[in-house]
Each structure stands twice: as C-alpha cells, then as structure tokens.
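The values are calculated or read from the model by the stated rules, or taken from the named source; none is laboratory data. Quick caveat: nothing in here was measured; it's all calculated off a predicted structure. Don't worry about glycine lacking a Cβ; one is built from the backbone with ideal geometry, like all the others, and counts go over all protein chains shown.
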C-alpha cells in the first residue's frame, strides 16, 4: 500500500520537491485542531510583534522581578556571571578586541527578549512568569542598556517599536554562504 | 627489518613528502589481510614484542561466559571511550551544556548512540511518548496534531546523516593552539542512520499556504528551543526522525522525535520536536540572533548561514593516540560536508608542502561522515599531519590563514579550518598551528 509513497519520498530526498504534494499520499492521521486551540502552545513572537500577548510592564516593576528572579545568575544590573552578561559591551564589536555580546550591544530585535524570557527564563522555572512581568523585566533590561527611558512602559504596541542599536549590522546570508 | 614483507615495494610507493604512501597500497596487496600483515611486519621490524612463554589458553575459554542481557553494554575494557569533557556544574545540575564524541577512539562512519554528541540548553526532558504531540500550524490550510503512535504508522524514510553543532571546532579561531584532542576540539559532530517521516509529507497533509516562506520549529524541553527554517529546506530533505541507528531516538538526541535537517547547523535540528509554525518571515529567536550568528569583519553579523562547510580531521594518529615506533602505519580520519558528498580528502605529512589523496571507505554518502585512510611510513622524525576535505561542489577546506583572513577570528561558529597534528620524535602527537 505504501510502495507509491515510499517512491515519492525517495524522490523528495533527491531534492525534487515539485509534485510531492500530489504524489505523496499520506495516511492522514493528523488530528485537526483550531488555531485558537493551538494558541495554548504558541510561544512565537515575530520581530514585527505578531504574537505579543496582552499585558504591560514598567521598568520599575521590572527591577523588582529582576532582583527576585534573575540577579542570582545574571548579576546585579545584568553585569553577568555565572550566566550571560545582559548589559554593556557597546563598542566591542569592532576591530580585533574580544567582543562582548549582550542584549544592548548585540541583539537586533527587542521582541526576541520577550519571546526568549517567556519561553526559557528563569532557568529553573521557565514559563511561570505572567506576561506582564515578562514585559516588565524586558523593559528593565532594555533600560539598563540605555535603550529606553526609566518611565517607559512595554506592551504589545511599544516593544516592537524599540529600535535596537546593533540592528543594522545584521545581514541575512541565506540562501548564500559566508566565506 | 630483514623479515619485513615487501619492504622494497612499499618504499617505492611514496606519493608525498615525509613518507606518505599510495592509498591503494593495502588494497593492492590482496586486500586488508596482506596489508595488515605488511603493516605488522613493518612495526615488528622495529620492536617485535617478545613472548617469554608459549601461548596459553586463557581463563575465559575455560569458564562459561556471562548470561544473556536485555540490552548489552560495551566491554568493561573500553571504559575510556566516553563522551566529554563534561561542563562545570554551575547551576546544581541543570542548565545548558554539551558532551563531545570521542572521535579518536572510533572507526568507521557511524557514531554509536550512547556516544552521539549532545548540546542541550536546559537538560534532557523525560518525555512520555503517550503524552507527546507534534503540532503543525500557522500558514497552513488545516492545523494538525500528530501523536507518536500516529507518526509511527507513516511510511518511513532512512538516511545516514551527520549532525554537527555550529560551535564545533570554534576553539580553532583562538590565537594560540588549544592543547586538545580530536574529541575536545572537534567532538561536536556525530553521524547516525536516522529513520522517520518526511517532513514534506506532514506539511502537505496540513496544506502549506503559498505565502509561507519559513517555519519555526520548537522543542518540548525547558529551553523550548526554537529555530527558523526556510521552507525550501523543509520541503527538500527534512525529516521528523523517530529512530536513530535502528532504535528509538535517544532522550539526549530528542526522544521521541527530532527534526533532522541534513547538513544544516546542529542547533536547527530541533530535539524533542513539538511544534512547527509556518510563517512569512523568520521568527528571529534568541538562538538565531544572539547565538549561532557569526560576528565577521567591521562589526557585521552574518545571520542564517545554515550548511556546515566541508571539514576533516585525522583521528589516528591524534593527541592521545600516539605513535609507538617508526614503521608502517595507517593514517585515518573523518570528513564531511553539509553541501553533499565528500569528493576527495588529501593528507600531508610535511605540514602542507606536499599532499596525497587518501582512500575513501565505502559508502560515501551525501551529508554523512566519510572515513578516509592512507598508509604512512613514519621514519621517526618530527612530522606535521593535516587533512583537507574537498566536497562535490569543488569547495576546498581552507587553511587557518585563509579562513581568518576571510572572516576574522571572532566568528565563534562554523569554523572548518585545517587542523594540524604535530608528531614529535618520541611519537607524541599534539595540536599545533602550522
């Protein structure tokens, strides 16, 4: 019964993707789900802010969250050790000096900060913070880097508008390859 | 050396400086057996071990052996063949880390499952397959979920493929040569036979919207690892792998399912795969911006540099696998390319002055590790061994100078420059820059 499918798959493996859709009849065992139901698992935030949830956070609240949940690993005011430095390093990406890559010196998108902290931090209890606290601690880290002011409020509207200082140094290689 | 088999023939076969011999040497003399005899004789001519006693029948022949086991383990005499060096335990046993494959103790092209390298960002989740699902959604006609049981009923496809961490060999960018082994310098690469369901088949079942140009793949681990993948790769040779070398994928490699993107940087081969979302633009996740991007010249950052370029390393001899005495040896190593097949591997014993082609062991497969071998008569003088891989696109593995001239030494990832092993007169092998 699967002979035809197997042939189609090996054709795909050779790199001929055209026609696969019609050729590769699948057993069709996927269970339909609505996008609304899928949202419970959907953590992805686009660089344009698509996917950012409701909620909002201030730099001030962010400082409280940081002191309680982040400082132990990322240091007072984000200076690092034992984990990544979250602050500083501006000006170290040029020349031959050792680069200090941080949210402030290196990261191209502020939305990545929300996406990553929400999915993976704090290390020992990921995905336990409220969305508002994730906005707040993102705001605090951005403020420590001098990217937003002390009174800034981060939410689904304001976060994608934050322009990261190193944004324009990033370029996409795909489908090419660097030398 | 009077009893050395075919000494004269062997000596006339030098094909490159400092004792490299024709790659067909062992084969031409009637297969591996004669070759091995020739080799043993070559060594024996220098220091033949002396047996004080005649042969004895060992105890294990005179005692019944151990009873059957449900799942066997390597011999207890192979205890040194383990992954490592393991990282410092900074966070009470949680958090990111990696374990490297002991390349210098392995032969052939396949990495045993227990020795497959591992890079994980917040531990290995303990996933009950009955509670695991793969969700495919976003720019599709029909969002779908697949249980492990359902996927196990799909037609399977198999391929032998290497997986290599983009950070593998990153230490080679350093200004001075690290005192390391093949394992510590290059052990973030492994090769297995992966069996699973073509991702294209699952995407077609969901119905890909023509505006979908990327997908983001996400793991069910505590890092919720997520990476953006171009749709072209997803529909080409991507697989949702369920089996690794014939058995279910090991927990450290993504049980019960992982994404396999042959030839692409290891981090994108998302383990513990639980979600695929089709998108117009890449998601710009932490591990494709802050990490796994290359800081090149003038502060520019090269992002989405996906295939791992051709690389090779000599595993025998290599640091820790030293030369014992002058004589005939086999130099052996591994080569691979994320762009296709390895077309050729060349070896030098004089630090790059002259090169000779190595024999490639069958099978030579696209985006798989290829084993190479070449005979070498070591005179006992200091030597510098290097290998360079050339893939089917014609790409040649670069020298250290060339790679650093092109991109600087701060790129951290995708380092594939030529490795040099210095052989001292006492036979000790060390990592050097040459």
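General remarks:
- Residue tally, condition facing chain B (nearest Cβ under 9 Å) and at positive phi, over the range A:80-116: 1
- Search result, residues across the range A:117-143 that are within 10 Å of chain B (Cβ to nearest Cβ) and either over 16 Å from the mean Cα position of the chain (by Cα) or assigned to a helix (DSSP H, G or I) (or both): A:117, A:118, A:119, A:120, A:124, A:125
- Number of residues in the range B:364-413 that are free of Cβ contacts under 8 Å to residues at least 60 places away in the same chain and more than 16 Å from residue B:338 (Cα to Cα) equals 9.
- Hey, residue B:425 over 30 Å from residue B:302 (Cα atoms), surrounded by 21 or more Cβ atoms within 10 Å (Cβ to Cβ), more than 14 Å from every other protein chain (Cβ to nearest Cβ) and more than 16 Å from the chain's Cα centre (by Cα) or not: no
- Residue in the range B:206-228 that is at negative phi, in contact with a helix residue (DSSP H, G or I) (Cβ under 7 Å, 6 or more places away or on another chain), facing chain A (nearest Cβ under 10 Å) and free of Cβ contacts under 8 Å to residues at least 60 places away in the same chain present: no
Yes/no matrix, rows are residues, columns are (1) under 22 Å from the mean Cα position of the chain (by Cα); (2) within 25 Å of residue B:123 (Cα to Cα); (3) more than 8 Å from chain A (Cβ to nearest Cβ):
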| residue | (1), (2), (3) |
| --- | --- |
| B:238 | yes, yes, yes |
| B:263 | yes, yes, yes |
| B:270 | yes, yes, yes |
| B:283 | no, yes, no |
| B:303 | no, no, no |
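- With respect to being surrounded by fewer than 18 Cβ atoms within 10 Å (Cβ to Cβ) and more than 14 Å from the chain's Cα centre (by Cα), residue A:69 falls outside the description.
- Being closer than 20 Å to residue B:369 by Cα and at pLDDT 95 or above is a description that applies to residue B:261.
- Among the residues listed as B:136, B:124, the single one being in contact with a helix residue (DSSP H, G or I) (Cβ under 6 Å, 6 or more places away or on another chain), assigned to a loop (DSSP other than H, G, I, E, B) and assigned by TED's automatic domain parsing to the domain that holds residue B:248: B:124
- Segments classed as strands (runs of 3 or more DSSP E), wholly inside the range B:300-349, with at least 1 members that are under 27 Å from residue B:289 (Cα atoms): B:301-303, B:311-316, B:327-336
- When the range B:145-179 is filtered for residues that are away from chain A (no Cβ under 12 Å), within 23 Å of residue B:294 (Cβ to Cβ) and surrounded by fewer than 19 Cβ atoms within 10 Å (Cβ to Cβ), the ones remaining, listed by number, are B:170, B:171, B:176, B:177, B:178.
Residue-by-condition table, conditions (1) free of Cβ contacts under 8 Å to residues at least 40 places away in the same chain; (2) in the same structural domain as residue B:307 (by TED's automatic domain parsing); (3) under 13 Å from residue B:239 (Cα atoms); (4) in contact with a helix residue (DSSP H, G or I) (Cβ under 7 Å, 6 or more places away or on another chain):
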| position | (1), (2), (3), (4) |
| --- | --- |
| B:142 | no, no, no, yes |
| B:147 | yes, no, no, no |
| B:157 | no, no, yes, yes |
| B:162 | no, no, no, no |
| B:165 | no, no, no, yes |
| B:168 | no, no, no, yes |
| B:202 | no, no, yes, no |
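- All positions within the range A:42-83 that are at pLDDT 95 or above, in a loop (DSSP other than H, G, I, E, B) and over 24 Å from residue A:158 (Cβ atoms): A:75
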